[in-house]
Amino acid sequence: MIADSCNPIALTPKSWHQVARKAQANCVNIEVICSDLTEHQHRVNNRESTVEGLQLPTWEQIKQRTYQPWQADRLVIDTAGKSAQESIAELLELLAFSHHIDQPTKCGI
């Protein structure tokens, strides 16, 4: 099971962990960040929605969002200066290295 969502508060990863447990699925928390604020802002300002009618948040709205640092065990991918393909390759390497691909994992929540 893969769930892709913004998780700005601690409740969200915990909720996904419960969903995975009920589905008897593996749970791996992955936090995707962009540590370069200029690059992050550029990405936000230049992206296009692939969902008809979906209004994407502005940079100002994103900056004003509540964000609680993650307490759960997680893999962190910093996409600053990397292409999507490079970030995916890094994630797959981290998943394989940490054995999250071939065996059940503990979510740490």
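We did not get these values from a lab; they are worked out from the coordinates using the rules stated. Note that the structure is a prediction, hence the values are computed from the model and not measured. Here Cβ is always computed from backbone atoms with ideal geometry, including for glycine, and neighbour counts include all displayed protein chains.
Numbers for the structure displayed
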read-out: Sole exception among (1) more than 22 Å from residue 96 (Cβ to Cβ); (2) loosely packed, with under 13 Cβ neighbours inside 10 Å; (3) of a type in the set (Asp, Glu) for residue 4, by number; value: (1)
read-out: Hits in the range 22-38 - residues which are outside any helix (DSSP H, G or I) and either aromatic (Phe, Trp, Tyr) or without any contact (Cβ under 8 Å) to a residue 12 or more places away in the chain (or both); value: 24
read-out: Residue satisfying all of: in the range 54-102; of a type in the set (D, E, K, R) and part of a loop (DSSP other than H, G, I, E, B); surrounded by the fewest Cβ atoms within 10 Å (Cβ to Cβ) among these; value: 102
read-out: The listed residue being loosely packed, with under 14 Cβ neighbours inside 10 Å, outside any loop (DSSP other than H, G, I, E, B) and of a type in the set (Val, Ile, Thr), out of 51, 19, 44; value: 19
